[in-house]
Amino acid sequence: MRDLDLLEQYLVRLRQEMLQASHHTLIGDEGDIALRKARGLAQQAELVERIRGAVKELAADPGQFIKGYLA
């Protein structure tokens, strides 16, 4: 399960990087393109968070993970 813990830590950092990039995009430019780019980065960060939650569930109870995501 240590591998899953490492993966979870990586996903937390990846999400933080994406949110920071989104924030910097908005600070640097207020145009439509920057807004779309920032929104896309935020959506990617949300997806990473959902994956992290699934990894936590897998680590806690593989059987429940299979029922919830693979059945």
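Just so it is clear, none of the values below were taken in a lab; they were calculated from the coordinates. Keep in mind it's a predicted model, so treat the numbers as computed, not measured. Cβ placement follows ideal geometry from the backbone for every residue including glycine, while neighbour counts extend to all protein chains displayed.
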Worksheet item: Using beta carbons and a limit of 9 Å, which pairs, at least six apart or on different chains, have the first residue in the range 8-26 and under 22 Å from Ala59 (Cβ atoms) and the second one of a type in the set (Gly, Ala, Ser) and in a helix (DSSP H, G or I)?
Response: Glu8/Ala59; Leu14/Ala45; Arg15/Ala45; Gln16/Ala45
Discussion item. Given the criterion more than 18 Å from the chain's Cα centre (by Cα) and part of a helix (DSSP H, G or I), identify the matching residue among Gly40, Gly68.
Written reply: Gly68
Discussion item. When you check Lys37 against the structure, is it out of contact with any Pro (no Cβ under 8 Å at 6 or more places or on another chain) and touching a residue at least 24 places away in the same chain (Cβ under 8 Å), yes or no?
Written reply: no
Fill in: Criterion: touching a helix residue (DSSP H, G or I) at 6+ places or on another chain (Cβ under 9 Å) and aliphatic (A, V, I, L, M) - qualifying residue of Leu70, Leu26
Leu26
Item to complete: Please state which of the following conditions Glu30 fails to meet, knowing it meets all the rest: (1) surrounded by 13 or more Cβ atoms within 10 Å (Cβ to Cβ); (2) not in a helix (DSSP H, G or I).
Response: (1)
Practice prompt. Select from the range 18-27 the residues that are among the hydrophobic types (A, V, I, L, M, F, W, C) and surrounded by 13 or more Cβ atoms within 10 Å (Cβ to Cβ) and write down the one among them that is nearest to Gln44 (Cα to Cα).
Written response: Met18
Practice prompt. Within the range 33-48, track down each residue that is surrounded by 16 or more Cβ atoms within 10 Å (Cβ to Cβ) and either closer than 24 Å to Arg2 by Cβ or of a type in the set (Asp, Glu) (or both).
Written response: Val48
